[in-house]
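Contents: one structure, followed by commentary.
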Amino acid sequence: SEVADDIAAAFDPLPLSGTVSAAVLRVARRHPDAFRLLWRHAATEPEFSDFAAVFRASAYNFTEGLLAEQIADPVMRHWTARSVLGYLYEGVCLWLDDGERARDDEVAKALSIGMHAIIGARHVASPVVVPD
């Protein structure tokens, strides 16, 4: 799909200026209906479900790779990658539904802060050993 190709191109190489959320939002603005379809609906449509599964798996694997140095625990890294992407992509879809293009930079920054909060949540989620 054109939107999946644009997303891949936006991250090859990884954007050095701006944020990941800004790059995804720019792609979504170019292809709003296709972006929503890819993220929200394709997985449940028999004709597109295989493509959607491959897209999501690629996105999750890419994100897990970026998190490898920060999160050693593979279970927490997997959860974090899936959570960050779910938050980012659904947040972009909601902004496409309700937001104003003129405020995209503001929303991209808010999404970026939220993604960092999810990544930091792994510390809170780690088991705490309480001495007897």
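The values are calculated or read from the model by the stated rules, or taken from the named source; none is laboratory data. What you see is a predicted model, and the numbers here were worked out from it, not measured in a lab. With ideal geometry, Cβ positions are generated from the backbone for all residues, glycine too; neighbour counts draw on all protein chains shown. The accessibility values were calculated without ligands, DNA or RNA, using every heavy atom of the protein model including side chains. Shrake-Rupley method; radii C 1.70, N 1.55, O 1.52, S 1.80 Å.
Any residue in the stretch 28-36 that is open to solvent by 60 Å² or more (accessible area, probe 1.4 Å) and more than 16 Å from Leu111 (Cβ to Cβ)? Yes, the stretch 28-36 has at least one match. Determine, yes or no, whether Arg82 is open to solvent by 50 Å² or more (accessible area, probe 1.4 Å) and either at positive phi or assigned to a helix (DSSP H, G or I) (or both). Considered against the rule, which asks whether it is open to solvent by 50 Å² or more (accessible area, probe 1.4 Å) and either at positive phi or assigned to a helix (DSSP H, G or I) (or both), Arg82 comes out as yes. Of the residues that make up the stretch 3-12, is at least one modelled with pLDDT of 90 or more and closer than 28 Å to Gly120 by Cβ? No, there is no match, as no residue in the stretch 3-12 is modelled with pLDDT of 90 or more and closer than 28 Å to Gly120 by Cβ. Note on the stretch 45-61: residues that are under 13 Å from the mean Cα position of the chain (by Cα) and surrounded by fewer than 15 Cβ atoms within 10 Å (Cβ to Cβ) amount to 3.
Considered as a group, the residues in the stretch 91-103 that are closer than 21 Å to Ile118 by Cβ and in a helix (DSSP H, G or I) include one that is most open to solvent (accessible area, probe 1.4 Å), and that residue is Leu94.
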